[in-house]
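Colleague: Handing you a structure now.
The values are calculated or read from the model by the stated rules, or taken from the named source; none is laboratory data. Please read all numbers here as calculations on a predicted model, not as lab measurements. Counting neighbours? That spans all protein chains shown, and the Cβs are built from the backbone with ideal geometry, glycine included. The accessibility values were calculated without ligands, DNA or RNA, using every heavy atom of the protein model including side chains. Shrake-Rupley method; radii C 1.70, N 1.55, O 1.52, S 1.80 Å.
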Amino acid sequence: MKIALISDIHANLEALVSVVKQIEKLHVDEIYCLGDVIGYGCEPSACLDIVNKIASVKLLGNHEAVVLGMISTKSYTETARISSDWTKDKLSEKDIEIISSFQMTHTAEDMFLVHASPFEPDKWHYILTPAEASLSFDVLRKPLCFHGHTHVPVIFSEVPGDLPHKKTAHNFDPDEESRYLVNVGAVGQPRDNDPRACFATYDTEFKEVCFYRSEYDISTAQAKMTEAELPDLLIERLAVGR
Amino acid sequence: MAEIVVKFDDKIIERIVTEKKRITIGRTNDNDVVLENRGVSRKHALIEFNNNAAVIIDNESLNGTFVNRRKITEEVLRDNDIITIGKYQLIYHNESTQPNEDASNFDGTMVLNTKAQKQLLENDRVEREIVERYGGSVLTGEENTNFSEFRLDRDVVTIGKAKFVHVRAKGFFISGIQAKIVKEDDGHYLINLGKKGKTKVNGEDVERHLLKNGDIITVGKSTFKYVEGRH
């Protein structure tokens, strides 16, 4: 089975549509969405509608958890709070119903799926350092974990007796003797200095993980956000991928 | 082959490497390990070996037998376990480490320090109460901590100065996640994740250490005690 793994769409419809078109050409069997469909961008409902139709596994991200009242925005930056208040205001009852159906984690074959971190999924930890990755390997019961949250595609591999190794995203065949944390990057707000939308595929039969980048119409996405009066910082970062 | 190192006042007085199926410990000369001391019963305890396993059995002694500061009646020994009988300490090793080291001079006579014995029993009672209250192993806050007891009831417990860690430690030079305590099949391991030299057990730098009851963990300026809940 070939699976497309998408995450962190962040209400960026242009980016999502571009990714979906590219996925169609890849002849995947399933699409799994790893959370944060909404937040930051200006088209949460349209993105939720698409994800709900195309994804067979849909995970809860912290931005969805905020909308459901599971996390407080007290510690958020002003930009993040403006964006989450704006999003909450725009969501319909149907949107909330879709979000309510999202799972915290999902286990399938040799994979564990989570938005942020296998270690305490509901605490939304970032996996940025080998030390943070080690905590996730301690609790991971599958050889592969796919996740998102940091908006940076990256791979951590387990090293017996030492801290995990961190590598920038690259296509690879998972070694059966090892275990991996694979961050699939962000569709709608990449932060690895590459503004193109990012996603990954995993072929469970051929044991192959591939990363993809999709060009999309960033200016249109930015113009819509300006129209929606969303914070400049969120608009500008799309063009630079940071 | 198993080895038992007999210590008195932190000095090694005897190293015992045996192929016997059982060794007896007591005050009188007919024991395999003779501990000449009035606080030690004539037939105080015995250790039975079976394949690679060793079990210590207290022979209803007057002052009791302690393993890693916990009073026991019968206990499976693990590598580096510390057995306390009177003022003696017997360290159990799965395999002999340093054969033929000279024992220090020891004249074999002493009087049991009852204050130390009372302290040992009191610690044992307090720690048992804590373990019973929490239903498992516990970290107690000793110095520069914001808690008195922390239950080790999850697979991974993080220690450091980041806001999101389970156990906050103080100290300028420690990492956000300085260390973790991971539950494995044979017990809790303390694993250093941050700066070298900032995670210690009983004063020694550690990278990966199987915790024993009574171990004192120091992370930066904060000190915790590991109270084991397996008994």
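Colleague: Only counting protein heavy atoms at a 1.4 Å probe, give the residues of segment B:136-175, ordered by number, whose accessible area falls by 30 Å² or more when the other protein chains are present relative to the chain alone.
Modeller: B:155, B:156, B:164, B:166
Colleague: What does the buried accessible surface come to for B and A, summed over both chains, with the probe at 1.4 Å? Round to 100 Å².
Modeller: Looking at B and A, the buried total is near 800 Å².
Colleague: How tilted is helix B:114-134 with respect to the longest principal axis of chain B? Cα atoms for both, answer in degrees (0 to 90, nearest 10).
Modeller: On a 0 to 90 degree scale, this one is about 50.
Colleague: Quick check: pseudo-label points 7 Å beyond the Cα along Cα→Cβ at residue A:142 and residue B:186, how many nm apart are they?
Modeller: 3.1
Colleague: Evaluate the charge dipole of the protein assembly as shown about its Cα centre and quote only its size in Debye, nearest 20, assuming +1 on the Cβ of each Lys and Arg and -1 on the Cβ of each Asp and Glu.
Modeller: The dipole of the protein assembly as shown has a size of about 1480 debye.
Colleague: Of A:72, A:170, A:116, whose Cα points farthest to the positive end of the dipole of segment A:2-240 (charges on the beta-carbon: +1 Lys, Arg; -1 Asp, Glu; origin at the Cα centre)?
Modeller: Among A:72, A:170, A:116, the one farthest towards the positive end of the dipole of segment A:2-240 is A:72.
Colleague: To the nearest whole percent, what portion of all C-alpha pairs in segment A:2-240 is separated by more than 25 angstrom?
Modeller: Considering segment A:2-240, 36 percent of its Cα-Cα pairs are separated by more than 25 Å.
Colleague: So if each residue of separation counts as 0.36 nm, and I subtract the Cα-Cα distance between residue A:89 and residue A:219, what length gain in nm does that give?
Modeller: Between residue A:89 and residue A:219, full extension yields an extra 44.3 nm.
Colleague: According to the Cα gyration tensor, what semi-axes, each the square root of 5 times an eigenvalue, does the equivalent ellipsoid of segment B:119-231 have, listed from largest to smallest in whole Å?
Modeller: 22, 14, 13
Colleague: How far, in nm, would the chain grow between residue B:172 and residue B:20 when pulled straight, counting 0.36 nm per residue and subtracting the alpha carbon separation?
Modeller: Working: separation 152, 0.36 × 152 = 54.72 nm, distance 5.26 nm.
Length difference between fully extended and current span is 49.5 nm.
Colleague: Quick one: with all protein chains in place, what share of the accessible area of the protein assembly as shown is carbon or sulfur, to the nearest percent (1.4 Å probe)?
Modeller: After summing per-atom areas, the C and S share lands at 47 percent.
Colleague: Hey, what's segment B:165-220 come to in accessible area per residue, 1.4 Å probe, Å²?
Modeller: Per-residue value: 45 Å².
Colleague: Next up: Tell me, which residues of segment A:97-137 get at least 10 Å² less accessible area when the other protein chains come in, versus the chain alone (1.4 Å probe)?
Modeller: Residues meeting the cut-off: A:119, A:120, A:125, A:131, A:132, A:134, A:135.
Colleague: Does anything in segment B:196-211 have its amide N under 13 Å from the 7 Å Cα→Cβ label point of residue B:78, and if so which residues?
Modeller: Within reach of a label on residue B:78: B:209-211.
Colleague: First select every other residue whose beta carbon is under 13 angstrom from the beta carbon of residue A:29; then total the charges, Lys and Arg +1, Asp and Glu -1. Let's see the in-between values first.
Modeller: Working: positive: A:2; negative: A:24, A:30, A:109, A:203, A:205.
Summing Lys and Arg as +1 and Asp and Glu as -1 gives -4.
Colleague: What is the percent of Cα-Cα separations in chain B that go past 28 Å?
Modeller: 37
Colleague: For segment A:48-112, would you read off the P(r) tail past 13 Å as a percentage of all alpha carbon pairs?
Modeller: On the way: 1407 of 2080 pairs.
Value for segment A:48-112 (Cα pairs over 13 Å): 68 percent.
Colleague: Let me ask something else. For segment A:2-240, report the accessible area per residue in Å² (1.4 Å probe, heavy atoms, rounded to an integer).
Modeller: For segment A:2-240, the per-residue accessible area is 43 Å².
Colleague: Moving on. Could you state the angle between the C-alpha long axis of helix A:78-90 and the longest principal axis of the C-alpha atoms of chain A, as a value from 0 to 90 degrees rounded to the nearest 10?
Modeller: Computed tilt is about 70 degrees.
Colleague: Pop a pseudo-label 7 angstrom from the Cα along the beta-carbon direction at both residue B:154 and residue B:1 and give the gap in nm to one decimal.
Modeller: Result: 4.8 nm between the two label points.
Colleague: Continuing with this model, one more query. Order the following by accessible area, largest value first: B:154, A:242. Probe radius 1.4 Å; ligands, DNA and RNA are ignored.
Modeller: A:242, B:154
Colleague: If you take the Cα Rg of the protein assembly as shown and divide it by 2.2 N^0.38 Å, with N the number of residues, what do you get?
Modeller: Its radius of gyration relative to the 2.2 N^0.38 Å reference: 1.28.
Colleague: Still on this structure, please answer the following. What lysines sit close enough to residue B:161 to cross-link, taking a C-alpha to C-alpha distance under 20 Å and skipping anything fewer than 8 places away on the same chain?
Modeller: Result set, ordered by chain and number: A:123, B:170, B:180, B:195, B:196, B:198, B:200, B:221, B:225.
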